[in-house]
Every structure is written in C-alpha cells, then in structure tokens.
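Encoded as structure tokens, the structure appears first; notes follow it.
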Amino acid sequence: MFSLQALQQRIGDAFSTTRFDREPFRLYEPIAYTLEMGGKRLRPVLVLMSCDLFGGNIEDAVYPAMGVEIFHNFTLLHDDIMDNALLRRGKDTVCRKWNNNTAILSGDTMFVIAYEYVAMTAPALLPQVLNLFNDTARMVCEGQQYDMDYEHRSGITIADYMLMIRLKTAVLIACSLKLGAMLAGADTEAAVKIYEFGIELGLAFQLRDDFLDAFGDTTKFGKAIGGDILTNKKTYLFLKAFELAKGETRSTLEDLFFSNEKNGNEKVEGILGIYRLLGIDEITRREIEIHHAKALEILSSFSFSDEQSGAVNGLMKEMLGREK
C-alpha cells in the first residue's frame, strides 16, 4: 500500500514533468500558471489511492488522475469569474491577473486537455470511464447553475443546498474514487460503494470549505474570508442562521445580507457576528461530523487491511483538516 506522501509525490512528479506552456502563449500561460499553483491535488491522489486499494497498478491511473485534476482546475477558473474572486490558493486568480476573456478561453482549453488525459486509459475500460467522466462533468455544471440560481432565489432550503454541493463538489470526489476502482478492475458493487463513500466525504469537505470561508484564516485558507457573504451565496451557514434567527436578529441578518449599500467589511463582520451569536460555527462543525461518520461507516464495510484503512483515514484527515 502506497503512503499518502508517496501518492502526492507521484502526482506532483507527473505534473512537474509535463509542459503546458505551448503556443499561442497567451492561451496556455494561464493554464501553466494555474496548474503550477499545485494545491494538495487531493482528487488525483484519490484516484491513485483507490486504484491501489483495489489491487491495481497506480501507473495505469496516473494520466486519468491528471485529467481529473485538470478538469477540477478548469472549473475553478470559471468559478472565479462568476464569483469575481481575487484570490485562489493565495495567488491572484486568472481573471484578475489577466482578464475574464482569457480565463474563459484558457478554461475551455483545460476542459479539452482534461478529456485527453482521462482518455489515456486501457481501451477495454475507456467506454465506462468516459461515461463516468461525462456524467460527472455534467453534474458539476448542474451544481454550478444551482449555485448561481440560489443567489437570486428566495425560499432556498438546506435540502436544496445539500443537493447543490453534492453536484458541484461531492460527485467529482466520488468520481475520483470510483475511477480508481474501475481502473483496478474492482467489481461493480465495490465501485458503487466507494462512490457512495466519496459522496459523504465530498459533502463534509464542502461544508468545511464553507465554514473556512467564514471562520478561516486567509493565510492558511488561500482565499479572502467572507467571499460567500459578499456574493450573497446561500451556504449551509447562511441557511441555518436564517432558520434560527428571530426578531431583531433576523431583521438585521436580512438587512445585511440583501443590502447592496453596505460597506463590504461592515457586511461581512455584521453577518459573522450573527453567526457567532447563533452558534452557527458549532452547528456546522456537527454537520461536518455527521457526514464524516457516514463516510467512515461505508469505509468499514470493506474488507480493507488496517494499513489500507489507515491510509484512507489519513487522507480524510488531510481533506477535512482534522487533528485526530
């Protein structure tokens, strides 16, 4: 069983030895810039780890894993345009460093490159691999559309929100795990089960991301704090606050959230103050724990060795920022 560090190193080596700065330079420079940011590259590591868990050769999964990571970064380029984001992984976003048109076109090109890498798989497996990737790409786009729709719709529920993050975030994490299992030749039941594990892990991961947007440290989080608040995103934190807020607190929350006249810092600090008053930080932590526990329950249903389970648990801790 490969260690988490070894898998991260293998993916890091694969990207460091691949050149993305082709011609025309203005098209490919932002792609190279984005992929050189690195990040934790958790999704391709999940592909390799799952392949290893089910007895496959991780070298057979390296290129498809790279494809998943390139696709993920493509979605981030377009997300940053839609969110008017300034920072990504502690650096200027592509749309800020260049412009929106460059980010759109370079992102589209990344989507094509992602397909090229995912298609570098065994011919016998290619149809089912592409079906999985196509379904995932479509669902991610559906999730992004829901995310944008929710900014302008009233009556959004927590159930609506959980569906949105399932599509926008969790399915790609689940896809990564199922892809690795498929490349290893795992049976259908095991591939479906590891996908379900990935869904729960992905939900916990996105809830943690939302939590950090409100209560994180910019230097560690890599993005400006309060971005979701400034763009009126109806996250779990916001929806739970509206569910619990009463009287004057609710009126203040509505005034802060829906006003376009408030100073940005005033809006963020005001809403964060209400979150703290209502205990939204602890409530969100508990919700993250619920999905973490569900993921662990699914993981325990596999006949993995202690070493294998330990490796998966280590990656879960990495993704969820858990100290234990």
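Taking the options 138, 166, name whichever one is modelled with pLDDT of 95 or more, surrounded by fewer than 22 Cβ atoms within 10 Å (Cβ to Cβ) and over 30 Å from residue 303 (Cα atoms).
On the way: 166 fails: over 30 Å from residue 303 (Cα atoms).
Result: 138 is the single residue among 138, 166 that is modelled with pLDDT of 95 or more, surrounded by fewer than 22 Cβ atoms within 10 Å (Cβ to Cβ) and over 30 Å from residue 303 (Cα atoms).
Here is a check on your reading of the model: is residue 124 assigned to a loop (DSSP other than H, G, I, E, B), at negative phi and modelled with pLDDT under 95? Even if it seems obvious, please write down each step before you answer.
Working: assigned to a loop (DSSP other than H, G, I, E, B): yes; at negative phi: yes; modelled with pLDDT under 95: no.
Taking the combined requirement at face value, the residue does not satisfy it.
The single residue among 282, 269 that is in a helix (DSSP H, G or I) and closer than 21 Å to residue 205 by Cα turns out to be 282. Within region 144-151, is even one residue at pLDDT below 95 and not in a helix (DSSP H, G or I)? So far as region 144-151 goes, yes, one or more of its residues are at pLDDT below 95 and not in a helix (DSSP H, G or I). Scanning region 146-202 for residues that are over 16 Å from the mean Cα position of the chain (by Cα), farther than 30 Å from residue 257 by Cα and among the polar types (S, T, N, Q) gives a single hit, 188. When region 191-249 is limited to residues that are surrounded by fewer than 18 Cβ atoms within 10 Å (Cβ to Cβ), among the charged types (D, E, K, R) and part of a loop (DSSP other than H, G, I, E, B), the one that is modelled with the highest pLDDT turns out to be 246. In this structure, does residue 301 turn out to be under 30 Å from residue 5 (Cα atoms), of a type outside the set (D, E, K, R), loosely packed, with under 15 Cβ neighbours inside 10 Å and more than 24 Å from the chain's Cα centre (by Cα)? Criteria met by residue 301.
This table checks each residue for (1) farther than 19 Å from residue 69 by Cα; (2) not polar (S, T, N, Q).
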| residue | (1), (2) |
| --- | --- |
| 101 | yes, no |
| 107 | no, yes |
| 120 | no, yes |
| 127 | yes, yes |
| 131 | no, no |
| 137 | no, yes |
| 141 | no, yes |
| 144 | no, no |
| 157 | yes, no |
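Sort out which residues of region 141-163 are over 17 Å from residue 79 (Cβ atoms) and buried (at least 17 other Cβ atoms within 10 Å of the Cβ), and write them in order of number. Matches in region 141-163: 156, 162. Scanning region 166-196 for residues that are touching a Ser or Thr at 6+ places or on another chain (Cβ under 9 Å) and over 22 Å from residue 59 (Cβ atoms) yields 168, 171, 172, 174, 193. In summary, helices (runs of 4 or more DSSP H) completely within region 1-102 and bearing 2 or more residues that are buried (at least 21 other Cβ atoms within 10 Å of the Cβ) and acidic (Asp, Glu) occur at 62-83.
Only one residue in 22, 41 is free of Cβ contacts under 8 Å to residues at least 40 places away in the same chain and at positive phi, so which one is that?
Working: 22 fails: at positive phi.
After applying the criteria, what remains is 41.
I'd like to verify a number: residues in region 178-194 that are in contact with a helix residue (DSSP H, G or I) (Cβ under 8 Å, 6 or more places away or on another chain) and within 14 Å of residue 51 (Cβ to Cβ), how many? Talk me through it step by step, then tell me what you get.
Taking region 178-194 as the starting set, the residues that turn out to be in contact with a helix residue (DSSP H, G or I) (Cβ under 8 Å, 6 or more places away or on another chain) are 178-184, 186, 190-194.
This time we only want the ones that are within 14 Å of residue 51 (Cβ to Cβ), so: 178-184, 186, 190-191, 194.
Total meeting the criteria: 11.
The values are calculated or read from the model by the stated rules, or taken from the named source; none is laboratory data. Because the structure is predicted, anything quoted here is derived from the model rather than measured. We place every Cβ from the backbone using ideal geometry, glycine too, and count neighbours over all the protein chains shown.
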